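Chemist: Sharing a structure with you now.
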Amino acid sequence: MARYTGPSCRLCRREGKKLFLKGDRCTSDKCAIVKRNTAPGQHGTSRKKVEEYGRQLREKQTARRYYGVLEKQFKKYYAEAERKPGITGENLLSILESRLDNTVYRMGMASSHKEARQLVLHAHFRLNGKKVNIPSMLVKPGDVITLREASRDSSKIKELIERMQTAVVPKWLDVDRTNVVAKVVAAPAREDIDFDFNEQLIVELYSK
């Protein structure tokens, strides 16, 4: 399955909630959910009864689209979450939060997951001093993410560093805003995730 390249706002309208896929636009009056809170398509305004399976599917799609993960990747993460001790749903969210692109986003260096993914793909960051360009890499406690020195001269990166100074950082990251360094001090916990997920619905979907 190819990565979705259509309008990001269409995904938010389909799920009926803000997925914050376009950064600052999502918090403005230009947000699609504010302007037109209906599902896309000619039948988007019609009311449909949502069954149990439909709620489970929509929750899975919401999580997948929020983190920018393909279906095959998502299933792998779920299988890994099942193998780990603890609550499967919380394990799944912890794994998704541990992706390198999400870590860059949580540092405050990007306004959206999509922008963070692009920064990683263009190798603007180092993981434990080594070049990385794979957004799906999972970080673990003790890992250190740093900005590549050559990237600091970019006007776009300078803007992002300025943005980073006021960003809210989760407890599992220790961020040095001056030097643009982030250290993973713990695995992401459920209470660190501010998006309103109902992970139990995802577990129910895959348990069938």
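The values are calculated or read from the model by the stated rules, or taken from the named source; none is laboratory data. Here the structure is a predicted model, which means the values were calculated and not measured. A quick note on method: Cβ atoms are made from the backbone with ideal geometry, for glycine too, and the neighbour counts reach across all protein chains shown.
Chemist: Determine which single condition L57 fails, assuming it passes every other condition in (1) free of Cβ contacts under 8 Å to residues at least 24 places away in the same chain; (2) surrounded by fewer than 17 Cβ atoms within 10 Å (Cβ to Cβ).
Modeler: Every condition holds for L57 apart from (1).
Chemist: Are any residues in segment 158-205 more than 24 Å from G129 (Cβ to Cβ), surrounded by fewer than 19 Cβ atoms within 10 Å (Cβ to Cβ) and either acidic (D, E) or in contact with a strand residue (DSSP E or B) (Cβ under 6 Å, 6 or more places away or on another chain) (or both), and if so, which ones?
Modeler: Correct list: E159, E162, E191, D192, D194, D196, E204.
Chemist: Let me ask something else about it. Here is a check on your reading of the model: is L93 under 28 Å from E59 (Cβ atoms), modelled with pLDDT of 95 or more and in contact with a Phe, Trp or Tyr (Cβ under 8 Å, 6 or more places away or on another chain)?
Modeler: Details: under 28 Å from E59 (Cβ atoms): yes; modelled with pLDDT of 95 or more: yes; in contact with a Phe, Trp or Tyr (Cβ under 8 Å, 6 or more places away or on another chain): yes.
In short, yes.
Chemist: Quick test for you: out of V168, V104, pick the one residue that is β-branched (V, I, T), within 19 Å of the chain's Cα centre (by Cα) and assigned to a loop (DSSP other than H, G, I, E, B).
Modeler: On the way: V104 fails: assigned to a loop (DSSP other than H, G, I, E, B).
Exactly one of V168, V104 is β-branched (V, I, T), within 19 Å of the chain's Cα centre (by Cα) and assigned to a loop (DSSP other than H, G, I, E, B), namely V168.
Chemist: Taking into account only those residues within segment 113-157 that are touching a helix residue (DSSP H, G or I) at 6+ places or on another chain (Cβ under 7 Å) and among the hydroxyl-bearing types (S, T, Y), which is surrounded by the most Cβ atoms within 10 Å (Cβ to Cβ)?
Modeler: The selected residue is S151.
Chemist: Could you grab me the full set of residues in segment 176-190 that are touching a helix residue (DSSP H, G or I) at 6+ places or on another chain (Cβ under 8 Å) and either within 10 Å of D143 (Cα to Cα) or of a type in the set (A, V, I, L, M) (or both)?
Modeler: Correct list: V180, A182, V184, A187, A189.
Condition check ((1) part of a helix (DSSP H, G or I); (2) of a type in the set (F, W, Y); (3) touching a residue at least 12 places away in the same chain (Cβ under 8 Å)) across all residues:
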position	(1), (2), (3)
E90	yes, no, yes
I95	yes, no, yes
A116	yes, no, yes
L119	yes, no, yes
A123	no, no, yes
P141	no, no, yes
A150	yes, no, no
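Chemist: Assigned to a strand (DSSP E or B) and either touching a residue at least 12 places away in the same chain (Cβ under 8 Å) or aliphatic (A, V, I, L, M) (or both): is that true of R163 in this structure? Step through it out loud before you land on a result.
Modeler: Working: assigned to a strand (DSSP E or B): no; either touching a residue at least 12 places away in the same chain (Cβ under 8 Å) or aliphatic (A, V, I, L, M) (or both): yes.
Considered against the rule, which asks whether it is assigned to a strand (DSSP E or B) and either touching a residue at least 12 places away in the same chain (Cβ under 8 Å) or aliphatic (A, V, I, L, M) (or both), R163 comes out as no.
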